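Beneath this line is the structure, given in structure tokens, with notes to follow.
The values are calculated or read from the model by the stated rules, or taken from the named source; none is laboratory data. Keep in mind that what you see is a predicted model, and the values were worked out from it rather than measured. For neighbour counting, all protein chains shown are included, and Cβ atoms are generated from backbone atoms with ideal geometry for every residue, glycine included. When the accessible area is computed, the model is the full protein with side chains, heavy atoms only, and any ligands, DNA or RNA have been set aside. Shrake-Rupley method; radii C 1.70, N 1.55, O 1.52, S 1.80 Å.
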Amino acid sequence: MFSFFKKKTAPAELPAALPLEPPPEPPPLEPPPLEPRPELLAEPAAMPPEPPAHALEPHTRPAPEARAALEPAAAAGQPAEPAKRSWLDRFRKAGPSEVPAATPPVPATEPLPSQASLAAPEPVRQPAAPLAPIEPIAPPEPREPATLIAPSEAESGMADVEPAAEARRPWFDRLKLGLRRTGSGIAQVFTGTRIDEALYEELEAALLMADAGVQATEHLLADLKRRVKESKADTPAAVKLLLADAVAALLAPLEKALVIGEAEPTVIMVAGVNGAGKTTTIGKLTRHLAQGGVKVLLAAADTFRAAAREQLAVWADRNRVEIVSQEGGDPAAVSFDAVKAGQARGCEVVIADTAGRLPTQLHLMDELKKIQRTIGKAMPGAPHEVLLVVDGNTGQNALAQVKSFDAALGLTGLIVTKLDGTAKGGVLAAIALWSRERERTGGRPVPVYFVGVGEKLEDLQTFSAREFAQALLS
């Protein structure tokens, strides 16, 4: 047994090396001669016949065909019992006898025609009837545009007619909603049950809070007391209705339609203070005119305010109208070119937008006078309308603006905007009283053509004294 603890011994001395002799060369190998084998040359003997199935030895496994012949056929409806296989059969390759024969494909047969198909003959197709010629559709008749601008009396032959109440019902609802702040304080006065001096005092305070002014408030109270005495009203609700009649009678001189068509083109000059909404009002007014079939030309004469020219160009693009503008040009020169272009292009209305001017800045008011004179040189008699856009939020200051611009330009009409955002809508009563006094002294009244209660296009409509009074006190 080998062990790691064997004792080391000194190696024995090797004998002296003997001289090595080369080994002898082996003889060359010759292949043995090939002898023919008779058993390979003889013809193969015939295979002995296969012994019968019953002669097989017990230790010999019969072929599958023999086993199938020996086993009885399985009963109908009962599957045959599978043959038992040994563990060695799993390693044997399946012989050609064990591969099942492929089932020959069944030839496809053509389906027999049914009795219905044999009996019913194929229907004969009739030629389609010729289509009737398509009659050309006549173009729809152009309906009369529902413009808010009244036509010339010389063309129509009749005075302006008030639109139907049902057609203006949506506008009345918007107007009532816009005047809610102004009318809420006045309507609260008539919540009591008695008609006495206390009621008139509360009504006076409410009218003054609505910026109707002292003179207009005194005028309305005197007219209301006279109406109450004549009608013998005994309830605050009846007094409220009489107040609506008094307000409508005071505002009646302001109700007038804007007339176009007397001159071609009709030149309209629009002025106002900064932020009153001149450019937006011009866009809405242009929309109403364009819907009525009127050809409009805009003049961007506001060359001082930033983006004023671009803002008016957007409105011109929306309304699909033409515009005359110059970057950094003189406002009077732009207005002159616009009037000449309107005459050459056959436009019916030319609207000139001007820069915002404060009435206290006299040198800026002189610029407006220069524009007005230049328009008159381009077309005699122009401008035919000088409109002032008034912000309803300014209250009594609006009356001061009207007086200043009228003294400088000679106003022909007003447009009151932004009545929906103020409780000072009573300033119209003060303007109406001033216009009445102006007419008595030989001047012409300054009507209110339009009122606005919102930013939408339909929120700018013609002014009606009766609608305004009813919306104010509803």
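Looking across region 291-311, the residues that are modelled with pLDDT of 90 or more and open to solvent by less than 40 Å² (accessible area, probe 1.4 Å) come down to V294, V296, L297, L298, A299, A300, A301.
In region 242-258, the count of residues that are crowded, with 20+ Cβ neighbours inside 10 Å, of a type in the set (A, V, I, L, M), within 38 Å of the chain's Cα centre (by Cα) and over 30 Å from R345 (Cα atoms) is zero.
Working only within region 259-282, note down all residues that are open to solvent by 10 Å² or more (accessible area, probe 1.4 Å) and on the phi > 0 side of the Ramachandran plot. Within region 259-282, G261, G275, G277 meet the criteria.
Quick grid of which residues meet (1) crowded, with 22+ Cβ neighbours inside 10 Å; (2) over 35 Å from the mean Cα position of the chain (by Cα):
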site	(1), (2)
L409	no, yes
L419	yes, no
L433	yes, yes
R444	no, yes
P447	no, yes
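Listed by first and then second residue, the pairs linking a residue in region 178-191 that is on the phi < 0 side of the Ramachandran plot to a residue that is assigned to a helix (DSSP H, G or I) and of a type in the set (K, R), with Cβ atoms under 6 Å apart and 6 or more places separating them unless they lie on different chains, are F190/K240.
If you go through region 361-411 and keep only what is in contact (Cβ under 8 Å) with a residue 12 or more places away in the chain and assigned to a loop (DSSP other than H, G, I, E, B), you end up with M379, G381, A382, P383, H384, G395, G410, L411.
Kindly indicate whether any position in region 332-340 is closer than 24 Å to L411 by Cα and touching a Cys at 6+ places or on another chain (Cβ under 6 Å). Scanning region 332-340, I find no residue that is closer than 24 Å to L411 by Cα and touching a Cys at 6+ places or on another chain (Cβ under 6 Å), so the answer is no.
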